[in-house]
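Participant: One structure, pasted below without further comment.
The values are calculated or read from the model by the stated rules, or taken from the named source; none is laboratory data. Since we're looking at a predicted model, the values are computed, not measured. Cβ coordinates were reconstructed from backbone atoms using ideal geometry, including for glycine residues, and neighbour counts include every protein chain displayed.
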Amino acid sequence: MKEFVANFRSRSSGKERIFVIIDGYDHFANGILLRDAAESKETASAAECTPGFIRQFYAFLKEAFGGVRGRPISRIFITGVSSVSLDSLISGFNIAANISNDPRFNAMAGLTREELSEIIDGTVDFSELNGLTKERILQVMESRYGGYAFSFQACERIFNPDLCLSFLKDLTSAKAMPERLLPDSAGADPGRLEAILRLAAPEAGEEITRRIQRREEIPADPPVALSISQRGFLNYSQAVSLLMYHGYLTIAPQNERGSNKVMYRCPNEACYQVFNRYTESRSGRDEIRRTDL
């Protein structure tokens with residue numbers, strides 16, 4: 001990166017600018033967070049003391065940011081899954097603004113109903129579907145894969161793109177409404193959900209799981225950025241935030257403005273099924289342990 005920027009500076013007329021786009025900035029952090037809890041803390045502690053590649057890279061971005069000849073980087077756009085605090089990865093990168101929960105950008109994280117409608121028009125031949133209508137398809141997809149919002153001020157709820165596209169692939173292939181809620185490629189293995197809940201304090205994980213099983217809303221603090229240098233378990237609200245950013249929960253439609261708590265819920269039937277698989281898997285392991293005793 002340093003060599004590229006140096007060459008850019010030497011060859012630029014002074015009017016050109018660099019735009020930096022980073023996708024999956026939290027991949028490293030998620031790898032730490034979702035591994036064994038003890039290993040996660042040990043790795044995070046070591047990372048704090050070691051000015052490795054990641055810190056050096058972001059430090060250089062900050063140094064080259066400004067949009068002038070000597071600092072040619074004009075814009076930096078960073079995306080990821082979890083809202084992991086950059087301060088926990090690289091100290092001193094204080095030029096970024098977190099727009100994850102800004103209602104103006106809510107639709108960036110999925111498909112709107114209008115966008116999904118256009119995709120259906122371009123991919124589905126209704127003459128092959130034996131009377132199945134577009135409105136019925138949208139209704140089913142909304143129940144299964146819609147309902148996401150990352151701000152209680154969001155004007156529209158969005159759809160999970162991966163699940164919607166897998167659904168439409170199955171629909172056009174079978175020429176009938178797909179019966180299975182989750183395609184094989186949907187990552188429905190409860191392992192990732194279990195890894196997230198394992199990071200939570202036991203009583204917090206149990207409370208969250210109970211509320212979801214009862215299909216209740218979950219009151220917690222507004223979405224928060226997490227830190228890989230977290231000491232001990234995630235508290236209740238931190239665990240809810242992590243579940244939301246990974247798509248297992250969403251902000252509920254009705255929230256009181258000015259309240260210091262936000263209501264969360266499962267966004268759709270697909271997510272409820274993932275939780276059901278998780279609880280069934282956990283119950284099975286508990287039964288095995290009781291049998292061993």
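Participant: With 283, 259, 237, 229 as the choices, which residue is surrounded by fewer than 22 Cβ atoms within 10 Å (Cβ to Cβ), under 18 Å from the mean Cα position of the chain (by Cα) and either in a loop (DSSP other than H, G, I, E, B) or at pLDDT below 95 (or both)?
Facilitator: After ruling out the rest, the residue left standing is 237.
Participant: Can you say whether residue 117 is among the small types (Gly, Ala, Ser), under 30 Å from residue 242 (Cβ atoms), at pLDDT 95 or above and in a helix (DSSP H, G or I), as far as the supplied structure shows?
Facilitator: Answer is no for this residue.
Participant: Right, another one. So which residues in the range 73-87 are at pLDDT 90 or above, surrounded by 17 or more Cβ atoms within 10 Å (Cβ to Cβ) and in contact with a Gly (Cβ under 8 Å, 6 or more places away or on another chain)?
Facilitator: 73
Participant: So residue 99 fits all but one of (1) modelled with pLDDT under 90; (2) more than 21 Å from residue 154 (Cα to Cα); (3) part of a loop (DSSP other than H, G, I, E, B); what number is the exception?
Facilitator: Residue 99 satisfies every listed condition except (2).
Participant: Can you name the condition, by its number, that residue 192 falls short on among (1) surrounded by fewer than 18 Cβ atoms within 10 Å (Cβ to Cβ); (2) of a type in the set (Lys, Arg); (3) not assigned by TED's automatic domain parsing to the domain that holds residue 209?
Facilitator: Going through (1) surrounded by fewer than 18 Cβ atoms within 10 Å (Cβ to Cβ); (2) of a type in the set (Lys, Arg); (3) not assigned by TED's automatic domain parsing to the domain that holds residue 209 one by one, residue 192 breaks only (3).
Participant: Which of the residues spanning the range 122-152 are of a type in the set (Ser, Thr, Tyr) and surrounded by 13 or more Cβ atoms within 10 Å (Cβ to Cβ)?
Facilitator: Result: 143, 145, 148, 151.
Participant: Mind listing whichever residues of the range 120-133 are part of a loop (DSSP other than H, G, I, E, B) and more than 22 Å from residue 143 (Cβ to Cβ)?
Facilitator: Matches in the range 120-133: 125 only.
Participant: Now for a different question. Taking the range 198-222 as the region of interest, how many residues are at pLDDT 90 or above and either among the charged types (D, E, K, R) or crowded, with 18+ Cβ neighbours inside 10 Å (or both)?
Facilitator: Total satisfying the criteria: 16.
Participant: Considering 55, 35, which residue is farther than 30 Å from residue 140 by Cα, modelled with pLDDT under 90, part of a loop (DSSP other than H, G, I, E, B) and not assigned by TED's automatic domain parsing to the domain that holds residue 223?
Facilitator: Being farther than 30 Å from residue 140 by Cα, modelled with pLDDT under 90, part of a loop (DSSP other than H, G, I, E, B) and not assigned by TED's automatic domain parsing to the domain that holds residue 223 holds for just one of 55, 35, which is 35.
Participant: Then there is this: Within the range 103-119, how many residues are surrounded by 13 or more Cβ atoms within 10 Å (Cβ to Cβ) and closer than 13 Å to residue 79 by Cα?
Facilitator: Final tally of qualifying residues: 2.
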